[in-house]
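One structure is given below, encoded as structure tokens.
The values are calculated or read from the model by the stated rules, or taken from the named source; none is laboratory data. Quick caveat, the model's predicted, so the values are computed rather than measured. Quick reminder, even Gly has a Cβ in these numbers, built from the backbone with ideal geometry, and neighbours come from all protein chains shown. For the accessible areas, the whole protein counts, side chains as well, though only heavy atoms, and no ligand, DNA or RNA atoms are used. Shrake-Rupley method; radii C 1.70, N 1.55, O 1.52, S 1.80 Å.
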Amino acid sequence: MYSEKVMDHFSNPRNVGEIENASGVGTVGNAKCGDIMRMYLDIDENQVIRDCKFKTFGCGAAVATSSMATEMVIGKTIQEALEVTNVAVMEALDGLPPVKVHCSLLAEEAIHAALWDYAEKNGIKIEGLKKPKADIHDEDPVED
Ligand code: FES
């Protein structure tokens with residue numbers, strides 16, 4: 001049912017954790033299942049993503065897609081990171097079962113929410129970035 005890459009990223013997820021004093025933090029909930037994802041971004045002065053970490057209260061597919069998504073955005077500029085869509089992440093993982101496609105949205109939306117947070121903190125506008133719909137950052141739902 002799951003590709004080897006999905007199983008690998010699920011069993012051995014990359015970049016789990018948090019970033020202290022992150023440039024941007026985004027938390028989103030998946031309305032379909034109630035799962036939650038938080039992404040932390042460390043962005044340098046040239047708008048390059050130096051580091052990205054995630055924490056989740058979510059299913060295996062959400063863990064695998066987030067793990068892959070963090071690897072894909074590290075080293076990219078903000079604009080390049082916007083091209084790391086859930087479809088791109090799923091392709092990099094050799095696909096997900098159709099019922100799990102919504103899980104991959106959690107990673108994409110959390111990265112967008114973190115970028116939005118970064119833009120707000122810095123008073124800038126990121127071309128092509130829409131205000132996240134499901135940012136539940138204030139409720140602080142992901143705990144250790
Ligand atoms: Fe909730 Fe996968 S079932 S994110």
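Among 103-111, 44-52, how do they line up by average Cβ neighbours within 10 Å per residue, starting with the highest?
In descending order of packing, they fall as 103-111, 44-52.
Express the carbon and sulfur contribution to the solvent-accessible surface of the stretch 74-132 as a percent, rounded to the nearest whole number, probe 1.4 angstrom.
That share works out to 56 percent.
Lys/Arg Cβ at +1, Asp/Glu Cβ at -1, dipole of the chain taken about the Cα centre: which of ILE124, TYR40, PRO97 is farthest positive-ward?
PRO97
What is the extension gain from ASN21 to GLU120, computed as 0.36 nm multiplied by their sequence separation minus the C-alpha to C-alpha distance, in nm to one decimal?
Roughly 34.1 nm would be gained on extension.
Which order do MET68, MET7, MET1, MET39 take by accessible area at a 1.4 Å probe, largest first?
Result, largest first: MET1, MET7, MET68, MET39.
Measuring with a 1.4 Å probe in the full set of protein chains, what accessible area per residue, in whole Å², belongs to the chain?
Spelled out: the 1.4 Å probe surface of the chain, per residue, equals 52 Å².
Of HIS112, CYS52, ASN30, which is farthest towards the positive pole of the chain's charge dipole, taken about the Cα centre with +1 and -1 on the beta-carbons of Lys, Arg and Asp, Glu respectively?
ASN30
Per DSSP H run of at least 4 residues, take -39500 (n - 2.57); add these up for the chain, divide by its residues and hand me the 222 nm value, nearest 500 deg cm²/dmol.
Counting only the DSSP helices, I get -11500 deg cm²/dmol.
Take the Cα of LYS32, step 7 Å along the line toward its Cβ, and report every residue of the stretch 89-121 whose backbone nitrogen sits under 19 Å from that point.
89-113, by backbone N distance to the label point.
When the dipole is taken about the Cα centre of the chain, and only Lys, Arg (+1) and Asp, Glu (-1) are charged at their Cβ, what size is it in debye, to the nearest 20?
Details: 14 positive and 25 negative charges, 76 e Å.
The calculation lands at about 360 debye.
Against the 2.2 N^0.38 Å scaling, with N counting residues, where does the stretch 18-144 land? I'd like the Cα-based Rg ratio to two decimal places.
Normalised by 2.2 N^0.38 Å, the Cα Rg of the stretch 18-144 equals 0.96.
Starting from 0.36 nm per residue, how many nanometres of slack lie between LYS133 and VAL48 once their C-alpha separation is accounted for?
Here the segment from LYS133 to VAL48 would lengthen by 28.2 nm.
How much length would be gained if the chain were fully extended between MET1 and GLU91, taking 0.36 nm per residue of separation minus their Cα-Cα distance, in nm to one decimal?
30.9 nm
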